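The values are calculated or read from the model by the stated rules, or taken from the named source; none is laboratory data. Only a predicted model underlies this, so the values are computations on that prediction, with no experimental measurement involved. As a convention, Cβ positions derive from the backbone with ideal geometry for all residues, glycine included, and neighbour counts pool all protein chains shown. Quick note on the areas: whole protein, heavy atoms, side chains included, nothing else; ligands and nucleic acids left out. Shrake-Rupley method; radii C 1.70, N 1.55, O 1.52, S 1.80 Å.
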Amino acid sequence: ALGLVALLGWLLDLKLLQSLLPGAATMKPNTALCVILLAAALRFDLRATRASAASRPWTTWACTAAGLGIALATFLEYAWGRNFGFDTWLFPESVRAAGSDFPGRMSHATATGFLLIGLGLLGLDWQVRGRKPGQFLALAGALIGYIALAGYAFGAHALYAERWFSSVSLPTAVMLFSLGLGVLCLRPDQGIMAAINHV
């Protein structure tokens, strides 16, 4: 819902719907799209788990791959110092009018968070020496969201609006944290979640 609200905000040019806080950083259209895709992947996977399906549905793989692709492309833009131009595909006029050095581009932290969560979701059932690396990746992605949320809660500007964390919006921080926890809760009886549930 937060992703759809942000996209509606860009469509209608309503800043409050894009940020949820007056004058705060906005959730970029590509970020909103990532949120929608990864949330849909979680939902498809949860439905399959409840139905005791032997394999994960193709919709989970497709939505995760699409969300992961957007995050990876953004990450590579930062790493290579290039602009592929896809940041302004959605609502180009509104995005360019909003200004900034890279109009429409999610922050480093946001791209990294989605990358970790997407990889965690893809590798959720992989096991290496009795451990579930997918869970650790999802936890790291959730931690990025948690740090930004703590910054908003305590007024620590550096935790959501400077350098690596520049322009992490409040709805983006909420979604990174929620999606990361959502991936962990898909397999509550495995890996680190099994240890937590037995405490």
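Worth a mention:
One line per residue, one yes/no per condition, for (1) touching a helix residue (DSSP H, G or I) at 6+ places or on another chain (Cβ under 9 Å); (2) more than 20 Å from L4 (Cβ to Cβ); (3) open to solvent by less than 70 Å² (accessible area, probe 1.4 Å); (4) at pLDDT below 80:
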| residue | (1), (2), (3), (4) |
| --- | --- |
| W89 | yes, no, no, yes |
| G113 | yes, no, yes, no |
| G118 | yes, no, yes, no |
| W126 | yes, yes, no, no |
| Y152 | yes, yes, yes, no |
| A156 | yes, yes, yes, yes |
| S166 | yes, yes, yes, yes |
| D189 | yes, yes, no, yes |
| H198 | no, yes, no, yes |
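- Close pairs (7 angstrom Cβ cut-off, 6 or more residues apart or separate chains): among the small types (G, A, S) in the range 177-197, open to solvent by 60 Å² or more (accessible area, probe 1.4 Å) anywhere: G180/L139; G191/R131
- Tabulated pairs, the range 102-128, first more than 18 Å from Y146 (Cα to Cα) and in a helix (DSSP H, G or I), second of a type in the set (S, T, Y) and open to solvent by less than 30 Å² (accessible area, probe 1.4 Å), C-beta under 6 angstrom, 6+ apart or interchain: L121/T64; L122/T64
- Residues of the range 56-84 that turn out to be farther than 18 Å from F44 by Cβ, crowded, with 16+ Cβ neighbours inside 10 Å and either over 19 Å from the mean Cα position of the chain (by Cα) or of a type in the set (S, T, Y) (or both), as a count: 2
- Only one of the listed residues (T64, T26) is within 24 Å of I144 (Cα to Cα), at pLDDT 90 or above and β-branched (V, I, T). That residue is T64.
- Residues of the range 100-134 classified as on the phi > 0 side of the Ramachandran plot and charged (D, E, K, R), total: 1
- Counting only helices (runs of 4 or more DSSP H) wholly contained in the range 1-50, the ones carrying 2 or more residues that are open to solvent by 10 Å² or more (accessible area, probe 1.4 Å) and in contact (Cβ under 8 Å) with a residue 12 or more places away in the chain occupy 2-12, 29-50.
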